[in-house]
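Let me begin by presenting the structure, written as structure tokens, before commenting on it.
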Amino acid sequence: MTETIQRSSRVRASELLGRNWLNTGGEQLSLQQLRGKIVILDFWTFCCINCLHVLDELRPLEEQYADVLVTVGVHSPKFEHEADPEAIAAAVERYEIEHPVLDDPELITWQAYSARAWPTLVVIDPEGYIAASLSGEGHVAGLSSLVEELVAEHGAKGTLHRGDGPYVAPEPVSRTLRFPGKAVSVSRPLGSDAAVGTFLVADTGHHRIVQLAADLETVLQAWGTGEKGYADGGAGSAQFNEPQGLTLLPAELAEQVGYDIVVADTVNHRLRGINITTGEVTTLAGNGVQRLLDAERTREGAVVVGSLGTDPLEVSLSSPWDVLWSETVGGVVVAMAGSHQIFSFDPATGELAVYSGTGIEGLVDGAPGEAWYAQSSGLAQDAAGDIWIADSETSSLRVLRTSQSAEAPAVETVIGEGLYDFGFRDGDPGQARLQHPLGVTALPDGSVLVADTYNGAIRRYRAEHTAADGSLVPAGVSTVARGLKEPSDVLLGGDIDGGESLLVVETNAHQLVRIAVPEEFLTVDEGATQTQRPRTPVAPGEFGLSVSFSAPTDQKLDDRWGDPTQLQVSSTPPELISGGAGTTEGLNRTLTLNPDISEGVLHITARAAACDGAPGEDIPMHAACHLYQQDWGIPVVLDPGGDTALNLDLRGVK
């Protein structure tokens, strides 16, 4: 089934304005230079997993229509760090983007095209008019049909120009490691006792896994060809695609299942296994098809957690980012970044399950079927068996209290406020701020270290504890090290100058580096902030909110149990909405905006359930059903002359 994309009325596309262009050989592009081509503007930001999905979705389309289609990435940053030109250039290289990218740090082009969410796609026809505007991922089939229509239409009119586009490939750079993502220390013999003290590293940019010697430079062995792809087989023939997390299984279990290492093969949407002795790489879970939201939810909105079936190779995953062997859970815990959930995988039985999380992106604590995560990207387990989580998009440190009840683990937030709140602040955990952390590790003294990626720092959280003199020390956050280039993981690194060291995966420096643990930790306060996007003027008082949804072709709304649509609305600060917040059926709502609050953010989640079937007919008993969802965070400023209503678009993406 293919999404039908409605053509927009003929509105002239705005000029592409920003700070700089990448992937053009230094040339500054304009829409006039692109006249005669079909142009897709991809509004993205490199922290966003959904944006990374779209990059991969567009690649086949770009290849198929290379002579008539030009994709332009418009990088519109969410986090402060993402406005750094060096960080943007590194991201363009890391994700192997092969189209021009406009650096738009002031969101000039974002505003001109009325973008409200990451990712947003805008299609411009060869005459310079907007043909369609779409939010979210999963539109590639509909885009392909639209491009075909535009090719036929403008080919007949003589307004389509075929030929090469403006992309200029950068010069390749040779490195031992390329954007490494995660690492684990080898704590048991792997083929030989000499392996102990070495490190297993996800050499993400080279699409391989390597074993590094204790000197952090010598590659002892590697698995993967070095080219992105998907293939099982021997160490020299297997292929990965941007692998991230990896974990070492206990020796007895490894002997039983036939592999030692579990790898989160992120862009392949799979879990892979590596047998150290034979070098063989196998697929453990995932069918390679990205998992979109499912409809297995209660009418109250809680997800049905539990087993996903008996064959893990038939289950769709979504960008697994980290993996962790847990004795408490009795399996491998998976940070499923793409669906904002925590999964579990049992190597002995092959059972794959949703362990915690509804799949809604946000920051909500609680039981497995109620918790919200946001692109969880780092996992660690402490001595008590609790699992610590670096929840990147909410810039938060969270903990799953699995040690209390393995059957119903509850998540708590230790640091962090929400999707649009971040900063660099130590001290009281309730006031502390991180910026898009990707890694976490638990230390023997009970403290927890965080790879605070976009702050370029290693941070330390210590819960309330009793000091040596018997006094009670309150919980606090401090800084261990700073000045690093996007550290994405941290772990104990062995002795250095007679003392314990930390090992940091410094992604944008393409290296692993040891740092000594300081005797005294820094206290930093560079403030708390929110994502700085243009604020929409809205009038206080009664405010109308509506979301449009049309089921894709050959689907119909699933109204067998009542209204199949749902709208969830909240705000930061909560006092911004004095009436109408919460979760209700339907896609229309009347809010009351508090005139005593000057500004804030409206958080809106819309969902709709549809099943395969023709409109007007009953839904077949075994029809496939689908849940469509879009999240928005819309900064607003209250102004008596502002808008009194807001309409958003939730499109079916099948």
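Throughout, read-outs are computed from the coordinates displayed, never taken from laboratory work. Being a predicted model, the structure only gives us computed values, none of them experimental. So basically every Cβ, Gly included, is an ideal-geometry build from the backbone, and we count neighbours across all protein chains shown.
Across all Cα atoms of the chain, the radius of gyration (one decimal) and Dmax (whole number) stand at 24.7, 85 Å. In order along the range 316-332, the phi-based Karplus estimate (6.51 cos²θ - 1.76 cosθ + 1.60, θ = phi - 60°) of 3J(HN,Hα) comes to 7, 10, 9, 6, x, 10, 8, 9, 8, 6, 10, 5, 5, 6, x, x, 8 Hz; Gly and Pro are listed as x. Shown in residue order for the range 459-471 are the 3J(HN,Hα) couplings computed by the Karplus curve 6.51 cos²θ - 1.76 cosθ + 1.60 at θ = phi - 60°: 10, 10, 10, 10, 6, 4, 8, 9, 6, 4, 8, x, 7 Hz (x for Gly and Pro).
Assign one of three labels to the range 420-532, namely rounded, prolate or oblate, based on the Cα gyration tensor with a ≥ b ≥ c the square roots of its eigenvalues; rounded applies when a/c is under 1.5, prolate when it is not and a/b is larger than b/c, and oblate otherwise. Taking the square roots of the gyration eigenvalues as a ≥ b ≥ c, the range 420-532 is oblate. Using Cβ point charges alone (K and R +1, D and E -1), the dipole size of the chain about the Cα centre works out to roughly 1060 debye. Relative to the longest principal Cα axis of the chain, at what angle does helix 49-64 sit, 0 to 90 degrees, rounded to 10? Value to nearest ten degrees: 60. Other residues within the sphere of radius under 9 Å centred on the Cβ of A87, judged by their own Cβ, net out at -3 (K and R +1, D and E -1).
Annotation: amide H-H contacts under 5 Å for V74 (H modelled 1.01 Å from N, sequence separation of 5 or more, or interchain): D42, F43, W44, L102.
Report, in degrees rounded to the nearest 10, the 0 to 90 angle that the Cα long axis of helix 140-157 makes with the longest principal axis of the chain. That works out to roughly 40 degrees. Put simply, the amide H of F240, placed in the peptide plane, has neighbours under 5 Å in T225, G226, G229, leaving out anything fewer than 5 places away on its chain.
Per-residue Karplus couplings for the range 382-399, computed as 6.51 cos²θ - 1.76 cosθ + 1.60 with θ equal to phi - 60°, are listed in order as 8, 5, 7, x, 6, 10, 9, 10, 8, 9, 5, 6, 9, 6, 10, 10, 10, 9 Hz, Gly and Pro entered as x. The angle between the Cα long axis of helix 85-94 and the main principal axis of the chain comes to about 80°, on a 0 to 90 degree scale. Using the rule -39500 (n - 2.57) for each DSSP H run of four or more residues, divided by the residues of the chain, the 222 nm mean residue ellipticity is -2500 deg cm²/dmol. Distance from the C-alpha centroid of the range 536-552 to that of the range 346-396: 32 Å, rounded to the whole angstrom.
Any chance you could check the Cα centroid distance between the range 68-126 and the range 202-256 for me, in angstrom? Spelled out, the Cα-based centre of one part sits 31 Å from the other. For the range 549-590, trypsin sites (Lys or Arg not before Pro) are listed when DSSP marks them as loop and at most 13 other Cβ atoms sit within 10 Å of their Cβ; the list is R560.
For the range 140-212, the equivalent ellipsoid derived from the alpha-carbon gyration tensor has semi-axes of 51, 16, 7 Å in decreasing order. Pairs from the list K182/K228; K228/K485; K37/K157 with a Cα-Cα gap above 20 Å: K228/K485. Residues whose amide H falls under 5 Å from that of L16, counting only those 5 or more places apart or on a different chain, are L31, with hydrogens built in the peptide plane.
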